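Okay, structure first, notes after.
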Amino acid sequence: IYFEFDKCDFESTTQSDNYFQESYSYLGSDSNARIYITGYTDAVGSRDYNQSLGYRRARRLQDKFTNKGMFAETILIKSKGEDDPVGDNETSIGRAQNRRIVVTIKK
């Protein structure tokens, strides 16, 4: 999931709703499984602000999962802020690629 600059809101899509449903089904079938949500930002702004924004993004997705019926205890969130960019923070396209959330399901 990608975000607009300095935002933590996103619109649900058919694709994201399907992902929520598949994740919910998988977690229901394996009580040891956990969802890890990591929030990221571009490098614009202070390191502290970006760390907080990444966390708010991850928290927003955690809220989506819990609103769909998942237990909060199965969802672990963190922020990497501007660390570990996947795009070049010197370009608008690269910055857009860095404003993201990564979701991993692990046992």
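Any chance you could check the Cα centroid distance between segment 72-107 and segment 1-27 for me, in angstrom?
Using only Cα atoms to place each centre, the spacing works out to 14 Å.
Once you place label points 7 Å from the Cα toward the Cβ at S29 and E4, how far apart are they in nm?
Here the answer is 3.8 nm between the modelled labels.
For helix 47-67, what angle does its Cα long axis make with the longest principal axis of the chain, in degrees from 0 to 90 and rounded to 10?
Tilt relative to the chain: about 20 degrees.
How much of the accessible area of segment 43-97, probe 1.4 Å, is carbon plus sulfur, in whole percent?
The nonpolar share, carbon plus sulfur, comes to 50 percent.
I'd like the Karplus ³J(HN,Hα) series for segment 9-14: coefficients 6.51, -1.76, 1.60, θ = phi - 60°, whole numbers in Hz, and an x wherever there's a Gly or Pro.
Calculated HN-Hα couplings, in order: 8, 8, 9, 5, 10, 4 Hz.
Which whole-number percent is the relative contact order of the chain (Cα, under 8 Å, 6+ apart)?
Relative contact order here is 38 percent.
Which one of S29, V44, V103 has its Cα pushed farthest toward the positive end of the charge dipole of segment 23-107, where Lys and Arg give +1 and Asp and Glu give -1 at the Cβ?
S29
Suppose every K and R has +1 on its Cβ and every D and E has -1 on its Cβ; what is the size of the dipole of segment 1-92 about the Cα centre, in Debye to the nearest 20?
In debye, rounded to 20, segment 1-92 gives about 400.
Report the label-to-label distance for Y36 and R59 in nanometres (one decimal), using points 7 Å from each Cα along the Cα→Cβ vector.
Between Y36 and R59, the simple spin-label model gives 2.2 nm.
Fully extended, how many nm does the chain gain between Q15 and K68 (0.36 nm per residue separation, minus their Cα-Cα distance)?
Gain in length upon complete extension: 17.6 nm.
Given a Förster distance of 25 angstrom, what is the FRET efficiency for E22 paired with K78, based on the Cβ-Cβ distance and rounded to 0.05?
0.65
Would you count, across the chain, every pair of lysines whose alpha carbons are under 18 angstrom apart, provided the pair is eight or more residues apart or spans two chains?
So the count of such lysine pairs works out to 6.
Do you know the relative contact order of segment 50-107, to the nearest whole percent, from alpha carbon pairs under 8 angstrom that are 6+ apart?
Here the relative contact order equals 33 percent.
Determine how large the accessible area of I105 is when every protein chain is in place; take a 1.4 Å probe and give Å² rounded to the nearest 10.
About 60 Å², rounded to the nearest 10.
Between I105 and V44, what length comes free when the chain is fully extended (0.36 nm per residue of separation minus the Cα-Cα distance, one decimal in nm)?
Additional length available on full extension: 19.0 nm.
The values are calculated or read from the model by the stated rules, or taken from the named source; none is laboratory data. Keep in mind that this is a model prediction, so the values were computed, not measured. As a convention, Cβ positions derive from the backbone with ideal geometry for all residues, glycine included, and neighbour counts pool all protein chains shown. Please note that ligands, DNA and RNA were not included when accessible areas were found on the heavy atoms of the full protein model with its side chains. Shrake-Rupley method; radii C 1.70, N 1.55, O 1.52, S 1.80 Å.
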